[in-house]
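What follows is a short report on a single structure.
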Amino acid sequence: MIATRALATRIILASLLGAAMLAALAVLAVKTQPPVGLVPLIAREGRSFWLAGLAVCLLGALIFQVVDRLPELARATALQRGVRYDPVPEWPTAWILPFVTLASGTLLLCAYHSLIVALAVTLFGFISLVIGQFARLALYSAEERIRSLGRLVHTLLLYGVGFVSYAMIYVHKLRSLYSATAIFLLAVLLLLQLTEGADVQLDRRVLYAMTGALVLAEATWVLNYWPATGWLGGAVLLAVFHVLAGLTLARVERALSWRTIAEYGIMASLAIIVIVWGTIRTRGGP
């Protein structure tokens, strides 16, 4: 059995390192003041910040993948979980949530350059990385109660990271070629991570993730015609993501029915109506 204390130490140290990289990136953001509204990496302004941000995301993802011990846990608990397919993920997936978490922190630091935001993003990064990794491990626990709790925490964290990412992409008000593509790529990772630990083949998980991400990208294209603020735009995309995530989990857990579709559809429609009403009353901005 995996040494729990050693594993927890690895996760905490990796999370501290990720938070430290975000803190260094915050210092760079304050110094360079990367502009909002320009295409990252393509535009010269702020390119050094985006290159550093990309390095932070990739390095952080690599660190968490290296320290990952989930395959050992997955094999050890496969019998108790009643796994029918492969007990271990076919592809390495430990990097996904850290990458998206660090990416959302990078996007926040580009939009807001104050010291308070820098501290908040650093703390946000550390807490999200720690909780995300422990929740992910809980998905493979031998006890159903722990798996259920892990699924709840894991899903809520994905919602939070997704909301920040969507809002901070939308705040740039880029043309759909760039914004919808960025939303699509992040949504693929989030929806793929959403089904982590589910007893379903990886190719189906990828198919569900890409299908849902395509719908979210189309929603971004429509939203780009509205004068919404970044956070309101992120809220609309989160409402769409909620429907897609709920239907995906229901399908994976073989609980999808017309009643489920109707419930999620009604909830999302009400949320979007309220958000759109607020959007119409605004004139844009962060």
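Yes or no: R205 of a type in the set (D, E, K, R) and surrounded by fewer than 21 Cβ atoms within 10 Å (Cβ to Cβ)?
So R205 does not fit the description; no.
Quick one: count up the residues across segment 138-191 that are under 26 Å from R204 (Cβ atoms), over 10 Å from the mean Cα position of the chain (by Cα) and of a type in the set (S, T, N, Q).
The number of residues fulfilling the criteria is 3.
Check L41 against each of (1) within 25 Å of V188 (Cα to Cα); (2) touching a residue at least 40 places away in the same chain (Cβ under 8 Å) and name the one condition it does not meet.
(2)
Each row is one residue, and each column tells you yes or no for (1) touching a Gly at 6+ places or on another chain (Cβ under 7 Å); (2) small (G, A, S).
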{"residue": "I11", "(1), (2)": "no, no"}
{"residue": "G18", "(1), (2)": "yes, yes"}
{"residue": "L22", "(1), (2)": "yes, no"}
{"residue": "P34", "(1), (2)": "yes, no"}
{"residue": "A43", "(1), (2)": "no, yes"}
{"residue": "F49", "(1), (2)": "no, no"}
{"residue": "A52", "(1), (2)": "no, yes"}
{"residue": "A55", "(1), (2)": "no, yes"}
{"residue": "L59", "(1), (2)": "no, no"}
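For segment 1-40, which residues satisfy the criterion of being under 25 Å from F64 (Cα atoms), open to solvent by 70 Å² or more (accessible area, probe 1.4 Å) and part of a loop (DSSP other than H, G, I, E, B)?
M1, the sole residue that qualifies.
Taking T248, is it within 25 Å of R151 (Cβ to Cβ), modelled with pLDDT under 85 and in a helix (DSSP H, G or I)? Walk me through how you get there before you give the answer.
Numbers: within 25 Å of R151 (Cβ to Cβ): yes; modelled with pLDDT under 85: yes; in a helix (DSSP H, G or I): yes.
Yes: the conditions hold for T248.
Could you list, in sequence order, all residues of segment 220-238 that are surrounded by fewer than 21 Cβ atoms within 10 Å (Cβ to Cβ) and among the aliphatic types (A, V, I, L, M)?
Residue satisfying the conditions is V222 alone.
Does segment 44-58 hold any residues that are in a helix (DSSP H, G or I), within 17 Å of A111 (Cα to Cα) and open to solvent by 70 Å² or more (accessible area, probe 1.4 Å), and which are they?
R47, L51, L54
Just checking, which of A23, A6 is touching a residue at least 60 places away in the same chain (Cβ under 8 Å) and among the small types (G, A, S)?
The match here is A23.
The values are calculated or read from the model by the stated rules, or taken from the named source; none is laboratory data. Everything quoted here is computed from the prediction, not taken from an experiment. Cβ atoms come from the backbone with ideal geometry, glycine included; neighbour counts cover every protein chain shown. Protein only, heavy atoms only, side chains kept; ligands, DNA and RNA dropped before computing areas. Shrake-Rupley method; radii C 1.70, N 1.55, O 1.52, S 1.80 Å.
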